[in-house]
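I have placed the structure first, in the form of structure tokens, so that the comments after it can refer back to it.
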Amino acid sequence: MRLGVLDIGSNTVHLLAADVHPGGRPLATTSARSVLRLMRFLTPSGAISDEGVQALESAVRQARAIAEKENVDALLATATSAVREAANGAEVIARVEAALGQPLQVLDGETEARLTFLAVRRWFGWAAGQILLFDIGGGSFEIAAGSEELPDIAASVPLGAGRSTLMFLPDDPPGEEAVERLREHAADVFAPVAARFFALPRPAHVVGSSKAIRSLARLVGYQAPGPSTGSGTEGYERMLLPRQSLGSWIPRLARLPASARQELPGITPDRTFQIVAAAVVLHTAMTAMKVDELEVSPWALREGVLLRYIEDRAHDDGR
């Protein structure tokens, strides 16, 4: 069957369509996204403004039309931190569901982390052993770890790239003092979380997923020789991101205006405003968790939603 996942995040509304079957790897057929950066539309009360909701409705209708054109058998619509934490979240959900013509599943942070971990586990395979996962969204930062298909611990903290930019780095360029304030805040947030994860075995693989981490890996990381450790597709570039290289780039990124950052390798226009915050938060997380290097996963939340749906459907059909 052909499934579609509509991921309504803090930065984008992203539709992924894929041909799937139980026990098989999802084969993507279409990927389409609208860049919204919903954090820009937050009012002082924490609500998404009417302008922002209208932009969201338009993006959802566009994605629905593409899904219908692609003959998607089922559309799995999910929303993450920007919608779930908005002061007017109930109204936003109702309007999105009206535009979709179907219910919207709003994921809490821990569920988001667990589904992303599932996708990463399937990509890297059982032989990868203990995995520690970092995932940066626009509103939240997810961490998960374990040796099984689902993590032993999953956590979500309010340190997404968009949220951190608005709260700590609103100026362009942000300047060293603002970067240091974000670093100190992130360190305080990560400290108790890291203490929980230190109780687990040391990871055999540290993995980063999300567009922000892929962008940073293309900027400061390097392509590793040999095939990926996972079940990936032909032609996939295995990218590694060292903490030391990331840290050395942060002062340079912070001095550049956003218009100049998009000229750097791997930094797309839709990430240029948030990439400094993403770099600072990721570097702080790696420091707190004593991680020297991570490997980039091309699979993340959307693939996790697909995989979970396939498994649940196969289970129901087997009754």
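Quick notes on this one:
- Number of residues in the range 25-57 that are in a helix (DSSP H, G or I), touching a helix residue (DSSP H, G or I) at 6+ places or on another chain (Cβ under 8 Å) and more than 22 Å from Glu112 (Cβ to Cβ): the value is 3.
- Per the listing Ala82, Ala94, the residue uniquely more than 22 Å from Tyr309 (Cβ to Cβ) and in contact with a Gly (Cβ under 6 Å, 6 or more places away or on another chain) is Ala82.
- Candidates Ala67, Ala59, filtered to the one that is under 17 Å from Val92 (Cα atoms) and of a type in the set (Gly, Ala, Ser): Ala59
- Of all the criteria given as (1) open to solvent by 30 Å² or more (accessible area, probe 1.4 Å); (2) in contact (Cβ under 8 Å) with a residue 12 or more places away in the chain, the one not satisfied by Ser209 is (1).
- A count restricted to the range 190-212 and to residues that are under 18 Å from Gly247 (Cβ atoms) and within 19 Å of the chain's Cα centre (by Cα) stands at 4.
- Residue within the range 108-124 that is under 25 Å from Arg214 (Cβ atoms), of a type in the set (Val, Ile, Thr) and crowded, with 24+ Cβ neighbours inside 10 Å present: yes
- Sole residue being in contact (Cβ under 8 Å) with a residue 24 or more places away in the chain, open to solvent by less than 20 Å² (accessible area, probe 1.4 Å) and part of a loop (DSSP other than H, G, I, E, B), chosen from Val291, Val280: Val291
- Test: residue in the range 161-172 that is among the small types (Gly, Ala, Ser) and more than 15 Å from the chain's Cα centre (by Cα): no
- Whichever residue in the range 20-55 is without any contact (Cβ under 8 Å) to a residue 60 or more places away in the chain and among the aliphatic types (A, V, I, L, M) and, among such residues, is surrounded by the fewest Cβ atoms within 10 Å (Cβ to Cβ): Leu27
The values are calculated or read from the model by the stated rules, or taken from the named source; none is laboratory data. In this text the structure is predicted, and so the values were computed from the model without any measurement. Virtual Cβ from ideal backbone geometry, glycine too; neighbours counted across all protein chains shown. Heavy atoms of the whole protein, side chains included, go into the accessibility calculation; ligands, DNA and RNA do not. Shrake-Rupley method; radii C 1.70, N 1.55, O 1.52, S 1.80 Å.
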